[in-house]
Every structure is written in C-alpha cells, then in structure tokens.
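Only one structure is covered here, and it is reproduced in the block below.
The values are calculated or read from the model by the stated rules, or taken from the named source; none is laboratory data. Model, not experiment: these values are computed from the prediction. Cβ coordinates were reconstructed from backbone atoms using ideal geometry, including for glycine residues, and neighbour counts include every protein chain displayed. Heavy atoms of the whole protein, side chains included, go into the accessibility calculation; ligands, DNA and RNA do not. Shrake-Rupley method; radii C 1.70, N 1.55, O 1.52, S 1.80 Å.
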Amino acid sequence: MINCRICENKIKPFMSFGKMPIANRFLMEKDIPDEYFFELAPAVCDKCQMFQLIEQPDPKDMFHESYAFFSQTSSYMSLHFKRFAQFLLEEYLGDKNSFVVEIGSNDGVMLKHIAASNIKHLGVEPSANVAKIAIDNGVNTRCTFFNKELASEILQEHGAADIICCANVLCHIPDLNSVAEGVCRLLKPNGLFIFEDPYLGDVIEKTSYDQIYDEHVFLFSVNSVINAFLPYGLEVIDVEPLKVHGGSMRYTLGRRNKHIVSERVKTQIDKEVDLGLSLPITYDKFKRNCELSRENLLCILESLKKQGKRVVGYAATSKSTTVTNYCGLNSSHIMYIVDTTPLKQWKYSPGAHILVKPYEEFKLEYPDYALLFAWNHREEIFLKEDEYLRMNGKWIEYVPLSIMDAEK
Ligand code: SAH
Ligand code: TMP
Ligand code: ZN
C-alpha cells in the first residue's frame, strides 16, 4: 500500500506491466548494461478516483537536455496546435495586454503562433534541447519545471495570466497538487486554465494500454480532474473530447462560481458512470484485456517469424516501449524500427533493444509487415504511405488488433 499522489488515501496497484525502462531513453550499445528499470504498475484511488502509477522515475531523468520528443514532428499535431492558438487569440487574447502561460511548451509548436501575434506569453519547458528550438522561433521560454514556487516568481515578474494552458503535460507531473496551487496563484480572477491529455475512458474502451508508461504518471477522467482541483478553488467548467493521441479530453477550469458550467461536463460524467470508471471490476476486465491483446500480438509475430517474413516497427514512440517490453518483443520479431527523429536513430529501443533506423530505410526496402507503433497518428501515416499498401505491404495494428492489406 502506498499513498494516493492526490489525496493521500491508501492505494494499491490493480496490475503490473513488469519492469520497464525509461520510455524515451534510446540507448547507445555501451549504455545498455546500465539501463534503469522500474516497476510499471497502475492503481486507481477509490476516494478521489485518480488513475496513477505507483512508481515513476525521477522527472530529471526523463526531461533533460536530450529529450527525444519534438512536438513538431507530427504535421497533424502542428495543425491541431495552430488551431488551438487561433482559438485562444480569437476568444480570449483580444486585449493587447493579455498574458498567456504554457506549461510544457516543448519546441514552441503552439506558442510560436501567439508570439507571431505579438501577445505577451511565456512557455515553461524543462527539456533544454526542445526549449532551444522554441527560443530560436521567437518564443519566450523559461527552461525549468513548473510548480507553485515558479508560479509565484512568474506572477512577480510578469503579473497574473489570462490563460494558463498545457497539452500532454499535466499527466506527466507527479506533484499535481503543486501545479494546482501554482495555477491558483498565477491565474487572473476571471482567467482560465485549459489543458488536454489522453483520456482514461478511451484507454479503457480501446485497451490502449500503451498510454501507460513512465511519463504518464496520471490518466485523467473528468471525475478525477474535478476532485484534484476542487481543493484549490478551481472547477471544471467545460470538457471537449478530442480525437488526437488516440482519444484525449480538453478540460477548461476557472475559479469556482465565476463561470457558467457547461452541460457537457455532466454529460461526460454520466458517460464515465456508464463506463464504470470508478468500479474495481472495470480494471479487472482491463487487465484481462491487456493480457489478451499481448497474447494475440505475440501469436501473430511468432507466426510471421516462423514464416520468415520481414517485420519492421513503424515509429519508435514512447508507447512502443510499453508494448515491446510487456509483450516480450525483441529483434527476432521486429528487425528494426524506423523513425523520423534524428535523436532516436542508430540507437537501441528502451528495454527491447531493437535498432532504430532513419525513416528513409522504410522507403528503401519495404518490409512484408509494418507494426504501427504510432497508431495515434494513423490517418497522417496512412495518407503518406499509400504506396506501401499498393506494393503489397501489410500493416499490423494492435489498437484494436488487425492486419490490413491492400484488399481492405
Ligand atoms: N505540449 C507538447 C509537449 C508534450 S511532451 C505537445 O503536446 O506536443 C511533455 C512536455 O512536458 C515535455 O516537453 C517535457 O519536458 C515537459 N514537462 C515535463 N514536466 C514538466 C513540468 N513540471 N513543467 C513544465 N513542463 C514539463
Ligand atoms: P510519441 O508517440 O511518443 O508521441 O512519438 C511519436 C514518434 O513517432 C516520434 O518519434 C516521431 C515518430 N513518427 C514517425 O516516425 N513518422 C511519422 O509519420 C509520425 C507522425 C511520427
Ligand atoms: Zn486519491
């Protein structure tokens, strides 16, 4: 038993995915013997309903000067964030004195549009290499971790914020209470806190268990977000399901009793009741579904191995670290993984130690089968890889499990 990261209630994990390495730490051969492992085991607090990891590596070991995730590698996500910036500019940042703070601004994918409109802004981004790209793009960035102390510093230096926002960041921060306190300190009385993250409801419905990895210390639901922010006087006033990253939710929060609460909040809570998100039996079932997914994927890959087929992994995603390690995949199943990120290329994947090659290798010699690790970017990828199917290549997907060829 350990304490819930939010409310300190006693919690215990409902399953374990076993020992896992750091999902975004791609290794040189010499680093393999010293690779760090921790136990990847999720729990759900029966008091505040927060889905969380019982153990997480030190954030400084995950977010640093050679962080391997660059937001702008996905053209679809770049467009998504451009649209979000336009929405903020039109709806909330009309006043020239407006001030927006983004937590986890990465390479400036969103804030560069705000900067181009000459609106006062600040990105907070601890990973120095990605922060540098943002700075080079004219985005004001502080290279550090956001917490309540930093919020007070920003308040003193720049004043209160109209909008505080983040995407795919909040679920990474283990001390969520400090972030909530920080948001409470930094937000203007009528300001809004808007964030989006992968949605627990989608993970349960789709058995997309690969959303569970070291960085994702939480998977949020509307219910758990309400409970986490209530002690800080912040209430959820709107929610919006999003298709990105395999199913996300955008939450809008404001100070309590200052805003009209949208009907959508109640509708989504009702959906969560129907999904059984607060019932232990839901997680027993999820565990069995994960085991089934593992058996089926392994069965396909073992069979292809026996047939001597050439199988390549498509995109060395963070999520693939959970899949390869949980399913026991190695380079006997997957010859190599192709990825567009130079920092990952010619290194070995975490834990499974499958070589990552530049994306161009895929085009150079199409494999018989490509295992789609970046299933959350499937539309974008299928659009650009139509030739692969025409050349008789087949996609293997595991959310849900399927093999797709040109006839389909
Ligand atoms: N918002 C971007 C990046 C998401 S990746 C997008 O959606 O594409 C998560 C980012 O959060 C990383 O760049 C990481 O360095 C950053 N991060 C992690 N902990 C943080 C913290 N405490 N404060 C601010 N940023 C943090
Ligand atoms: P993520 O799932 O951790 O967000 O990482 C996405 C990875 O997928 C990143 O390393 C870049 C890679 N990628 C490709 O190689 N090709 C693509 O077309 C896309 C969209 C992503
Ligand atoms: Zn709790």
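Step by step: first the residues of the range 217-272, then only those that are small (Gly, Ala, Ser) and modelled with pLDDT of 95 or more, then the one that is farthest from residue 182 (Cα to Cα). Which residue is that?
247
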* Of all the residues that make up the range 1-41, how many are within 16 Å of ligand 2 (Cβ to nearest atom) and either open to solvent by 70 Å² or more (accessible area, probe 1.4 Å) or of a type in the set (Phe, Trp, Tyr) (or both)? -> 2
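Inside the range 120-235, counting only helices (runs of 4 or more DSSP H) that do not spill past its ends, which hold 1 or more residues that are of a type in the set (S, T, N, Q)? Don't jump to the end; show me each part of the working.
Numbers: elements: 128-136, 148-158, 176-186, 200-206, 222-229.
So the answer is 128-136, 148-158, 176-186, 222-229.
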* Going by the structure shown, is residue 319 charged (D, E, K, R), within 30 Å of residue 228 (Cα to Cα) and touching a residue at least 60 places away in the same chain (Cβ under 8 Å)? -> yes
* Asked: Looking only at the range 1-58, which residues are within 18 Å of the chain's Cα centre (by Cα), more than 21 Å from residue 350 (Cβ to Cβ) and within 16 Å of ligand 1 (Cβ to nearest atom)?
  -> 52
* Structure fact -> Output for Cβ contacts, cut-off 7 Å, separation at least six or different chains, first residue touching a residue at least 12 places away in the same chain (Cβ under 8 Å) and among the charged types (D, E, K, R) in the range 145-165, second open to solvent by less than 70 Å² (accessible area, probe 1.4 Å) and assigned to a helix (DSSP H, G or I), reads 148/178; 148/181; 148/182
* Filter the range 130-149 down to residues that are in contact with a Leu (Cβ under 8 Å, 6 or more places away or on another chain) and within 11 Å of ligand 1 (Cβ to nearest atom) and give me whichever is least open to solvent (accessible area, probe 1.4 Å). => 134
* Structure fact -> Within the range 343-354, the residues that are surrounded by 18 or more Cβ atoms within 10 Å (Cβ to Cβ) and either acidic (Asp, Glu) or away from ligand 1 (no atom under 16 Å from the Cβ) (or both) are 345, 347, 348, 349, 350, 351, 352, 354
* Being assigned to a loop (DSSP other than H, G, I, E, B) and touching a Phe, Trp or Tyr at 6+ places or on another chain (Cβ under 7 Å) is the filter; apply it to the range 355-408 and report the residue that is nearest to residue 291 (Cα to Cα). => 399
* Yes/no for residue 374 being within 16 Å of ligand 1 (Cβ to nearest atom) and at pLDDT 95 or above -> yes
* Close pairs from the range 297-309: first over 14 Å from residue 324 (Cα atoms), partner acidic (Asp, Glu), Cβ under 8 Å, at least 6 apart -> 304/368; 309/368
* Structure fact -> With criteria (1) open to solvent by less than 10 Å² (accessible area, probe 1.4 Å); (2) within 16 Å of ligand 1 (Cβ to nearest atom), residue 319 comes up short on (1)
* **Among the candidates 155, 176, residue that is surrounded by 17 or more Cβ atoms within 10 Å (Cβ to Cβ) and either out of contact with any Gly (no Cβ under 6 Å at 6 or more places or on another chain) or at pLDDT below 95 (or both)** => 176
* Asked: In the list 44, 109, which residue meets the criterion of being crowded, with 19+ Cβ neighbours inside 10 Å, out of contact with any Asp or Glu (no Cβ under 6 Å at 6 or more places or on another chain) and touching a residue at least 60 places away in the same chain (Cβ under 8 Å)?
  -> 44
* **Filtered residues of the range 280-308 (kept if open to solvent by 20 Å² or more (accessible area, probe 1.4 Å), of a type in the set (A, V, I, L, M, F, W, C) and either in contact with a helix residue (DSSP H, G or I) (Cβ under 9 Å, 6 or more places away or on another chain) or closer than 30 Å to residue 394 by Cα (or both))** => 292, 298, 299, 300
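Can residue 259 be described as in a loop (DSSP other than H, G, I, E, B) and either surrounded by 17 or more Cβ atoms within 10 Å (Cβ to Cβ) or in contact with a His (Cβ under 6 Å, 6 or more places away or on another chain) (or both)? Let's see the steps before the verdict.
Details: in a loop (DSSP other than H, G, I, E, B): yes; either surrounded by 17 or more Cβ atoms within 10 Å (Cβ to Cβ) or in contact with a His (Cβ under 6 Å, 6 or more places away or on another chain) (or both): no.
Spelling it out, it is not the case that residue 259 is in a loop (DSSP other than H, G, I, E, B) and either surrounded by 17 or more Cβ atoms within 10 Å (Cβ to Cβ) or in contact with a His (Cβ under 6 Å, 6 or more places away or on another chain) (or both).
For the range 1-113, give me every one of the strands (runs of 3 or more DSSP E) that falls completely inside it and has 2 or more residues that are away from ligand 3 (no atom under 16 Å from the Cβ).
On the way: elements: 19-21, 37-39, 42-44, 51-53, 99-103.
Correct list: 19-21, 37-39, 99-103.
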